[in-house]
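For reference, the structure I am asking about is given below.
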Amino acid sequence: MFVGMRGLRMIMWTILLVLAILHRASSHGIQPLSRIAIHKATSALDNLAYVKASPTVLGLNGQNTEWVTVEYSSPNPSMDDWIGVFSPANFSASTCPAENPRVYPPLLCSAPIKFQYANYTSPDYKVNGKGSLKLQLINQRSDFSFALFSNGFLNPKLVAVSNTVSFANPNAPVYPRLAQGKQWDEMTVTWTSGYGIDEAEPFVQWGPKGGHQQHSPAVTLTFERSSVEMVDSLLLSINLNNLVVLVLGYTYKLGHRLFNSTYVWSQEYQFRASPFPGQNSLQRVVIFGDMGKDEADGSNEYNNFQRGSLNTTKQLIKDLKNIDIVFHIGDICYANGYISQWDQFTAQIEPIASAVPYMLASGNHERDWPGTGSFYENNDSGGECGVLAETMFFVPAENRAKYWYSTDYGMFRFCIADSEHDWREGTEQYKFIEHCLASVDRQKQPWLVFLAHRVLGYSSDLSYAVEGSFGEPMAKENLQKLWQKYKVDIAIYGHAHNYERTCPIYENQCTDNEKRYYKGTLKGTIHVVAGGAGASLSPFTTLKTKWSLFRDYDYGFIKLTAFDHSNLLFEYKKSSDGKVYDSFRISRDYRDILACTVDSCPPTTLAS
């Protein structure tokens, strides 16, 4: 067939577009800090240029977040000038240790923790060479400096460096993160501190509100430098055991006893004990993926990377009294090896994670790296290889390097898969998934939910449609019989940065024509993509699939509310206003769960 030049160009553009879509789908954005070639920076210090930051001492009243005003001037201003924030204040690459083997620079240890154009809030900077920025800093256990660079990001020239700014107590314990323990009556607290174990004894003071407070010593956790670059910090973790559900709540404070017998404390936090398996009480669960982090000061941004993140966080904080547990199912903060961004993320979610269990699933941006055993051998984790997520956040997995686990929360059983490890039939993870689904007592825990990062079920995301798979290849073929046999109510995924809900489905066919209210026998599992919590949105295919009931190209999260053993409410809320834009209800009795449907025989489960 003859193709004219105009037609050939159109075909080529179509191929390039498809390749661009596939590349975007695999990487889900580029870490903004990686686009700054700080390792190539040259000195061009100018006596007529300056950078000044104030105040110089932060957190005098115990705050771990403060705003700093940065003023600067250059005799030769340009549109490419930018301000970098560094911590520790000495950002010379000469202080960097041997670099973790990577396929490309820059040196992580000398990269800025945030950056912004010099003319961002000073439109006349190009004319008069003067500008100012208000930047938000968090306690990252080290001092800060600010630098003015010219010549853009690829070959930056250092023009001026500021005075040093620091927190009054940089080593104070910060950013606690709660997680449900291996038993329902356990809660694990993990936090970060600048004190080494040779300087202070870490512990948690905790107990019932208004009751006796006990001291429990903490366990220290560290990273291997060969696996990921890091700033100086110490991670600590402790299990709070024998929590009594009848107690209205608990209070806790993070503490360090210095070896000169003085104490350093965090602020006081509160949490509620988890309901015991089968407990008949109101239980509210929030689930989302791919939130990432964002900067309130507008820094660190190219191409709308994670702009929806702050709105999602704000909505959860606003409604926190009506949330009992959170599942963030992969692509946590997109640090991609830049450890400072984990601090930024834990600071952002502190109001949530310090008050309710904040549970994770592993995503490609936490785990994937060539030659490390990840199922997908791409570079998405930036060399983290799962180490940061596995250490920063506790989950009750038997082996935290294999990030799959189950957890019971009242009337819910959650089976959390690790989509970055092999889940195909016959593998270790497949056996775990089947045991998790088969072992639940549906009379006590009628609501069975499957969670994973990548879409192991159904998605109309454009990247999946281009592949023709509408989900991860081989996924449905290996797992759908388990979902059907053990009557999984809902399967929820991230990875595709949008929202989508399917009909109850089995083997690509809708098994129920109802759209809003499901009652009686479970005929098929409802699959939901909830990957629009903050990272740049992914487009849908224009193809119309019979199983796709609701799609939304916007930021949002989902909420499950179990009223009792027979009634469950599902809601999709937008991050922009917190209002419900999609919902359905399930009403089902125990006899309905036992009923035999296609490929779900025998009608009784192991637990029954």
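The values are calculated or read from the model by the stated rules, or taken from the named source; none is laboratory data. Keep in mind that what you see is a predicted model, and the values were worked out from it rather than measured. Ideal geometry is used to build each Cβ from the backbone, glycine not excepted, and the neighbour counts take in all protein chains shown. Note: areas computed on protein heavy atoms with side chains; ligands, DNA, RNA excluded. Shrake-Rupley method; radii C 1.70, N 1.55, O 1.52, S 1.80 Å.
What number of residues in the range 292-337 are of a type in the set (A, V, I, L, M) and open to solvent by less than 10 Å² (accessible area, probe 1.4 Å)?
Total satisfying the criteria: 7.
Mind telling me which of the residues PHE470, PHE550, PHE540 ends up being of a type in the set (Phe, Trp, Tyr) and farther than 22 Å from GLY363 by Cβ?
The conditions single out PHE550.
Looking only at residues that are under 19 Å from VAL488 (Cβ atoms) and in a strand (DSSP E or B) in the range 573-601, which one is nearest to the chain's Cα centre (by Cα)?
So the residue we want is PHE584.
In the range 444-551, which strands (runs of 3 or more DSSP E) lie fully inside it and hold 1 or more residues that are at pLDDT 95 or above and within 23 Å of the chain's Cα centre (by Cα)?
Working: elements: 447-452, 490-493, 499-506, 517-519, 525-530.
Once the strands (runs of 3 or more DSSP E) in the range 444-551 are filtered for at least 1 residues that are at pLDDT 95 or above and within 23 Å of the chain's Cα centre (by Cα), what remains is 447-452, 490-493, 499-506, 525-530.
Determine whether the range 386-409 contains at least one residue that is open to solvent by less than 40 Å² (accessible area, probe 1.4 Å), touching a residue at least 40 places away in the same chain (Cβ under 8 Å) and over 29 Å from ARG284 (Cα atoms).
There is at least one residue in the range 386-409 that is open to solvent by less than 40 Å² (accessible area, probe 1.4 Å), touching a residue at least 40 places away in the same chain (Cβ under 8 Å) and over 29 Å from ARG284 (Cα atoms).
Another one. Can you tell me which residue within the range 551-587, out of those that are touching an Asp or Glu at 6+ places or on another chain (Cβ under 6 Å) and under 30 Å from VAL440 (Cα atoms), is surrounded by the most Cβ atoms within 10 Å (Cβ to Cβ)?
TYR572
If the Cβ limit is 6 Å and pairs must be 6+ apart or interchain, which residue in the range 35-60 that is on the phi < 0 side of the Ramachandran plot and in a loop (DSSP other than H, G, I, E, B) pairs with which residue that is open to solvent by 50 Å² or more (accessible area, probe 1.4 Å) and not aliphatic (A, V, I, L, M)?
ALA44/LYS157; LEU48/PRO75
Oh, and also: In the range 588-597, how many residues are open to solvent by 50 Å² or more (accessible area, probe 1.4 Å) and among the basic types (Lys, Arg)?
1
Suppose we keep only residues that are in contact with a helix residue (DSSP H, G or I) (Cβ under 7 Å, 6 or more places away or on another chain) and open to solvent by 10 Å² or more (accessible area, probe 1.4 Å) within the range 98-108. Which one would you say is modelled with the lowest pLDDT?
Looking at the filtered set, the residue picked out is PRO105.
Another question, then. For the range 42-53, give me each residue that is within 17 Å of ALA118 (Cα to Cα) and not acidic (Asp, Glu).
Selection gives ALA44, LEU45, LEU48, ALA49, TYR50, VAL51, LYS52, ALA53.
Go through the range 28-82 and count every residue that is of a type in the set (Phe, Trp, Tyr) and open to solvent by 10 Å² or more (accessible area, probe 1.4 Å).
Restricting attention to the range 28-82, the residues satisfying the condition of being of a type in the set (Phe, Trp, Tyr) are 50, 67, 72, 82.
Next, from what is left, pick out any that are open to solvent by 10 Å² or more (accessible area, probe 1.4 Å): 50, 67.
The total comes to 2.
Pull out all pairs, ordered by first then second residue, where Cβ-Cβ is under 8 Å, the residues are six or more apart or on different chains, the first lies in the range 524-542 and is in the same structural domain as HIS453 (by the TED database) and among the aromatic types (Phe, Trp, Tyr), and the second is open to solvent by 10 Å² or more (accessible area, probe 1.4 Å) and in a loop (DSSP other than H, G, I, E, B).
What qualifies is PHE540/TYR553.
Quick grid of which residues meet (1) under 30 Å from TYR252 (Cβ atoms); (2) in a loop (DSSP other than H, G, I, E, B); (3) without any contact (Cβ under 8 Å) to a residue 12 or more places away in the chain; (4) under 32 Å from the mean Cα position of the chain (by Cα):
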residue	(1), (2), (3), (4)
LYS126	no, no, no, no
LYS134	no, no, no, yes
LEU137	yes, no, no, yes
LEU148	no, no, no, yes
LEU154	no, yes, no, yes
SER166	yes, no, no, yes
ASN171	yes, yes, no, yes
